[in-house]
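Remarks on the structure that follows.
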Amino acid sequence: MTKLSDAHNWNQQRVKNALRAHVSPVVVDNTHTQRWEAKPYVLMAVKHGYEVKVAEPTTAWAKDAKELAK
């Protein structure tokens, strides 16, 4: 397993634990650039009766790689 795969599994487990504990809100701050990356989180949320909201940054520098790297 790669470190990236380990990180995905670790984060998904943390979210699953929060959902089971009825934590509200549960915020997943992650780089979901593909639908398949967000899918496990959405499925878990729906299974536990949560409303899912997807938000993107609206700042002028949100897609400026140099600014984000700072």
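The values are calculated or read from the model by the stated rules, or taken from the named source; none is laboratory data. Keep in mind the model is a prediction, meaning the values are calculated, not measured. Note that each Cβ is placed from the backbone with ideal geometry, even for glycine, and that neighbours are counted across all protein chains shown. Side chains are part of the model used for accessible areas, which takes the heavy atoms of the whole protein and leaves out ligands, DNA and RNA. Shrake-Rupley method; radii C 1.70, N 1.55, O 1.52, S 1.80 Å.
Of all residues in segment 50-70, those being assigned to a helix (DSSP H, G or I) and either in contact (Cβ under 8 Å) with a residue 60 or more places away in the chain or of a type outside the set (Gly, Ala, Ser) (or both) number 3.
Is at least one residue of segment 40-49 β-branched (Val, Ile, Thr), within 26 Å of Trp10 (Cβ to Cβ), open to solvent by 90 Å² or more (accessible area, probe 1.4 Å) and not in a loop (DSSP other than H, G, I, E, B)? Before the answer, list the steps.
Residues of segment 40-49 β-branched (Val, Ile, Thr): 42, 46.
Among the residues that remain, those that are also within 26 Å of Trp10 (Cβ to Cβ) are: 42, 46.
In the following step, the residues that additionally are open to solvent by 90 Å² or more (accessible area, probe 1.4 Å) were identified as 46.
Next cut, not in a loop (DSSP other than H, G, I, E, B) only: 46.
For segment 40-49, residues β-branched (Val, Ile, Thr), within 26 Å of Trp10 (Cβ to Cβ), open to solvent by 90 Å² or more (accessible area, probe 1.4 Å) and not in a loop (DSSP other than H, G, I, E, B): present.
Scan segment 26-35 and give yes if some residue there is modelled with pLDDT of 95 or more and touching a helix residue (DSSP H, G or I) at 6+ places or on another chain (Cβ under 8 Å), otherwise no. The answer is yes, given that some residue of segment 26-35 is modelled with pLDDT of 95 or more and touching a helix residue (DSSP H, G or I) at 6+ places or on another chain (Cβ under 8 Å).
Leu68 satisfies every condition listed in (1) loosely packed, with under 10 Cβ neighbours inside 10 Å; (2) closer than 20 Å to Ala7 by Cβ; (3) more than 14 Å from the chain's Cα centre (by Cα) except (1). When restricted to residues that are free of Cβ contacts under 8 Å to residues at least 24 places away in the same chain, more than 26 Å from Ala69 (Cα to Cα) and charged (D, E, K, R), segment 15-46 contains 1. Residues in segment 15-39 that are more than 23 Å from Ala62 (Cα to Cα) and surrounded by 12 or more Cβ atoms within 10 Å (Cβ to Cβ): Val15, Lys16, Ala18, Leu19, Val23. The condition (being closer than 20 Å to Asn11 by Cβ and among the charged types (D, E, K, R)) is satisfied by just one residue among Lys70, Lys63, Lys53: Lys53.
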